[in-house]
Amino acid sequence: MKTMINIALPKGRLGEKVYGMFEQAGFDCPSIKENNRKLTFENEEKGIRFFWVKPSDVAIYVERGAADLGIAGKDILLEYNPDVYELLDLGIGKCRMAVAAKKTFRDNPAKTLRVATKFTNIAREFYAGKCRDIDIIHLNGSIELAPILGLSDVIVDIVETGKTLLENDLVPIETVVPISARVIANKANFKFKSERIEAIAEGLARACREN
Amino acid sequence: MTLDDTMLKSGEQAVFGLRALYQRYGYAPFKMSKFEEYDLYVENKDFLVGDGVITFNDTDGKLLALKPDVTLSIIKNSKDEENAVTSKVYYNENVYRISKNTHTFKEILQTGLECIGNIDMYAMTEVVLLALKSLETVSENYLLDLSHIGILSAIVEPLAVSQADKKKMIRCIGEKNIHGMKELCASVGADETVCEKLTSLISAYGKPSEVLPKLRALHAGEEAERAIDELELITQTLEKIGYGSRVNIDFSVVNDMSYYSGIFFRGFVQGIPEGILSGGRYDKLMKKMGRKAGAIGFAVYLDMLELLDAHENEYDTDILLLYDESADIRELMRAVTVLSQNGTRVLAQKSIPQGIRCRQLLKYGNGGLEILENDD
């Protein structure tokens, strides 16, 4: 029996789109479309096993070798800095990490900037690069609320269309980094299964070009 | 006393196996003190794997540290030897570092060797061979990735970009991140030939016989050619003694160019999700510490090996022997001694400990031994 290639997919719309690319590349697993409570899905003939995990957990599964391959947003990779290979930019799930503030906001460089964000490492590094003194406020959700209530001056968050911002009278003022979905691989497992992992990565790259 | 191998955990077995291996090649044991002056680590902060060092004041007020690293101590204690003498030592020490996962301090058992002095091709090949043999001691499924900092620096160093961008380039190489490298090259305005060299360095990995010609084709200058010559001689020698299938060339094995200069390598065994062996030539570190000689060495991280002990003991003990107050101690003692012959594990208790798993449950009473339960 072939050893399985374990692939961690991010739960949600992005993950479903990514699975479509696996299918297109010839690494399909029909049982994944059945509506049941199973957590892992195998295609023994192709030697692959998929499983859905929380998007922010994909990097952990891959770094610790429970998954050989995974699909993670660049935001997660920049925030958690896992020791993994980044084999491919899938070019989907595109958005950007941006600084946003109230329309009326005027930056005063003489003051410490209060920054609310879920991505503390990305924000810290971004402002360190500008030698700007900041006060980081870590929030787990509803980041947009912070500047409205005066909790922070700006936020650093993912902006897709900017609609949520607009509805709350906020505007993006600066792009921190563009984001898209990346294929990551565990470094050690890559050594022992390199041919098969490469074949999958190549298939996905082909699917990317075709789309 | 003879040791039963099955009693030892993978890490413990490895310690004995590696010690014997290094001694066979003439390496002498090096024992060091647990503490080192803090200054040693401050001066070479970037050489250390992590930032954190556990410090404390000695009785005379001097700031000491629990060692986070062994190599620096060995260099500090080395003398610049005259002639062509190299000092070859091995060690087996605990180091204290911040764990990447928990962000707290962790004690890590590390074994390794250092070869300091006049480093020639033989010494280099011997160290790489010992790295391979070390991995072989730990597991039968192992691989060694070999790279050369010289080729990397021949391409990256002359570029007119900031140190920070050079670090990002090295990072992309470490991640096999071709798309990231292309973006980076475009943003710093590096010309196309450079970008092509860097991306082909990322995709050049695998068997030396396939990768070396690709490296030659880069025409990266004299320094790089010398580096390729070194890789070629080492890999050909290893192939002749039967390690050909275990060695790959892979430039994602990178490290700080300000400390390392020549070959660099990392070892992997199947079943452990990260490298367990890391080493290379660190002449530049020697120079920073005021030594004229060259040096090469590696370390094996033994704490990871417990992941290989997948088959835990099914039972906590083979025999659980119950007795009560009325038992004759001498008779009970004799019973335990007899039962525990041949390596059977016998645990004598007055009542059954909670959650214990035993193969056999015996009761010692006035009438001798009585079997209460048998799991076989």
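The values are calculated or read from the model by the stated rules, or taken from the named source; none is laboratory data. Since this is a predicted model, take the numbers as computed values, not measurements. Cβ sites come from the backbone with ideal geometry, for glycine too, and all protein chains shown count toward neighbours. The accessibility values were calculated without ligands, DNA or RNA, using every heavy atom of the protein model including side chains. Shrake-Rupley method; radii C 1.70, N 1.55, O 1.52, S 1.80 Å.
The single condition among (1) over 23 Å from B:Val253 (Cβ atoms); (2) buried (at least 22 other Cβ atoms within 10 Å of the Cβ) that A:Arg49 does not satisfy is (2). Answer yes or no: is there a residue in segment A:97-113 that is more than 12 Å from the chain's Cα centre (by Cα), farther than 26 Å from A:Leu139 by Cα and at pLDDT below 90. So far as segment A:97-113 goes, no, none of its residues is more than 12 Å from the chain's Cα centre (by Cα), farther than 26 Å from A:Leu139 by Cα and at pLDDT below 90. The residues of segment A:135-188 that are part of a loop (DSSP other than H, G, I, E, B) and either touching a strand residue (DSSP E or B) at 6+ places or on another chain (Cβ under 8 Å) or within 17 Å of A:Leu77 (Cβ to Cβ) (or both), listed by number, are A:Leu139, A:Ile143, A:Glu144, A:Leu151, A:Ser152, A:Asp153, A:Glu160, A:Gly162, A:Asp169, A:Ser180. When B:Lys287 is tested against (1) without any contact (Cβ under 8 Å) to a residue 40 or more places away in the chain; (2) away from chain A (no Cβ under 14 Å); (3) under 19 Å from the mean Cα position of the chain (by Cα), exactly one condition is not met: (3). Counting residues in segment B:170-178 that are open to solvent by 20 Å² or more (accessible area, probe 1.4 Å), assigned to a helix (DSSP H, G or I) and away from every other protein chain (no Cβ under 13 Å) gives one or more. Note on segment B:268-297: residues that are farther than 30 Å from A:Thr3 by Cβ and either part of a strand (DSSP E or B) or not assigned by TED's automatic domain parsing to the domain that holds B:Met124 (or both) amount to 6. With the requirement that a residue be basic (Lys, Arg) and within 14 Å of chain B (Cβ to nearest Cβ), what does segment A:50-74 give you? Listed by number, the residues that qualify are A:Arg64, A:Lys74. The sole residue among B:Leu332, B:Leu307 that is touching a Gly at 6+ places or on another chain (Cβ under 8 Å), open to solvent by 10 Å² or more (accessible area, probe 1.4 Å) and assigned to a helix (DSSP H, G or I) is B:Leu307.
Here's the yes/no breakdown for (1) open to solvent by less than 50 Å² (accessible area, probe 1.4 Å); (2) in contact with a Pro (Cβ under 9 Å, 6 or more places away or on another chain); (3) away from chain B (no Cβ under 11 Å):
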| residue | (1), (2), (3) |
| --- | --- |
| A:Ile76 | yes, yes, yes |
| A:Asn81 | no, no, no |
| A:Val84 | yes, no, no |
| A:Gly91 | yes, no, no |
| A:Val99 | yes, yes, yes |
| A:Lys103 | no, no, yes |
| A:Pro109 | no, no, yes |
| A:Lys118 | no, no, yes |
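Please specify each residue of segment A:1-45 satisfying the condition of being outside any helix (DSSP H, G or I), open to solvent by 90 Å² or more (accessible area, probe 1.4 Å) and among the acidic types (Asp, Glu). Passing the criteria: A:Glu34, A:Glu44, A:Glu45. Residues satisfying the criterion are absent from segment B:227-235 (criterion: at pLDDT 90 or above and within 13 Å of chain A (Cβ to nearest Cβ)).
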